[in-house]
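The structure appears right after this line, and notes come after that.
The values are calculated or read from the model by the stated rules, or taken from the named source; none is laboratory data. Note that the coordinates shown come from a computational prediction; the quantities given were computed from them, not determined experimentally. Cβ coordinates were reconstructed from backbone atoms using ideal geometry, including for glycine residues, and neighbour counts include every protein chain displayed. Please note that ligands, DNA and RNA were not included when accessible areas were found on the heavy atoms of the full protein model with its side chains. Shrake-Rupley method; radii C 1.70, N 1.55, O 1.52, S 1.80 Å.
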Amino acid sequence: MALPLTKAKTTKNFASFNAELDTTVCDRNNNADLTITLKVGLRQINPPAGAATGKYHDYGDVTEPQRDIIKWSTGSWNRWKSTFQRTAQSYWNAKFWLVNNHPVLEYDDGGTIYRHNIFCRFRLIVGDASPGSSHHHIVDVYRLAASEPWGGSHSTLYNSRDIAPYENDKDSGGSPIMQRAHVHEIGHLIGLGHSHEGGVQCPTTGDTNAAACYGTNDAEKQSVMGMGMQLRSHHAYPWRMVMSDISGKGTVRKPSANRSSAAWSNFVAQVTGNNPNHTVASKASKDWEPKMKRHYPRTAAEVLANAAITTRPQRT
Amino acid sequence: MAYIAFAKQPGRVTTQARWITPAVAVLALLAMPLSACAQDKEPIMINLDSCDESPLARSRCMIEALLDDLSRTYLLTGGGGISSIDQKATWVYEVSLSQRERVDVITYSFELTDEGLVEIVGKQKSTRSKG
Ligand SMILES: [Zn+2]
């Protein structure tokens, strides 16, 4: 699809999230907003027959060990949902800017044309999943008993402690690598794979949940898509993909918002440079180049000079 | 690879370890009474002439050997620990360790040596993906 020539709001719904590009906010100092909205429906898992306590199998799989669980109360459920929504949204919202390297999103302000970059926003809408409700993903949540040190979970089945910091591993210096699991899982839900995916020890043709896929060195392990909490510029992939899609400009692949798709594999190879078969399309790709610092709109001369305007310019 | 076996020496637990560091051998010795205490107030006596002395002796030698190997090589600090140890063939055991989004599976192959000890001759890692 082509972008409108005048300032407007453009929306597109993908299988795994909705996206809105808002150029009405563009002026000499402000970029376009690209908001990814993810609707997650949550469901309680409680002990059977209204009991206060019970057992639940790791990963919801009856072949796996059971953990002690307790019934959700209204208060505990509401507090959990609120923390989940607030912390996951704030983790992913307003962290990336995409530098616009295409002749689009160019608008006049005071007689000067500016090329606008993209400010990446994230909105998480959380509600109780019920028949007839509409969500991109449904996540079931069980409440671990206080005596339980751990419970098996994954992207659509959490335990109540998955919103709290947890030590997954230690780095080479012996420092703990901590993660709040839900922010990692939200990464999956918007299309991100594991930090070493596409690397030598985690080929995309194999199981991308294998231990090595979570990192083979400290940097990969510390990544939010490894075992830690660090955000990297290549995690802006979902926003880059949306921009390529709705602008028709750029070569960022368009996976069906599914980390196992072939297109996703190609993308991982591009951003990590790990896959020797994709050395040409390396992380140096300038298409909607992701940054973790604000880049202001540029004049034609600044674009020509390939300038990066990272401090607020004095525009006359 | 590591050897571990239990030799006859009445009155105390003895672990013989070969091809492993002295420190690991000491750790293994220390671990034995601790695990015994968890089951019984009296220390368990291990009196084996050979790991092939009985089916239980074989199993115990192999499981102790894989536990020793895991303690030294499986360094992830998170997860739910060992969820199962399954015998897959007479000389093959599979251990599963629970982690978020997956179960790490390590398959050990063993051989009995002429001295009646158990030797790890193969180790393969795989994953059972969850979710
Ligand atoms: Zn993951």
Distance in nm between A:MET292 and B:SER84 label points, each 7 Å along Cα→Cβ, equals 4.1 nm
Kirkwood-Stokes translational diffusion coefficient of the range B:51-131, alpha-carbon pairs, 25 °C, 0.890 mPa s, µm²/s: 186 µm²/s
Just the number: Rg to Rh for chain A, Cα atoms, Kirkwood Rh, two decimals. 1.01
Stretched fully, the stretch from A:HIS57 through A:ALA164 gains (0.36 nm per residue minus C-alpha distance, one decimal, in nm) 36.5 nm
Any chance you could look up the accessible area of B:GLU53 with a 1.4 Å probe, heavy atoms only, rounded to 10 Å²? 90 Å²
Entries of A:LYS39/A:LYS293; A:LYS81/A:LYS221; B:LYS88/B:LYS123; A:LYS7/A:LYS249; A:LYS221/A:LYS293 with Cα pairs more than 20 Å apart: A:LYS39/A:LYS293; A:LYS81/A:LYS221; A:LYS221/A:LYS293
Under 11 Å from the Cβ of A:ILE69, count the other residues' Cβ atoms, weight Lys and Arg +1, Asp and Glu -1, and hand me the total. +2
Isolated Cys in chain A, by beta carbon distance under 4.7 Å: A:CYS26, A:CYS120
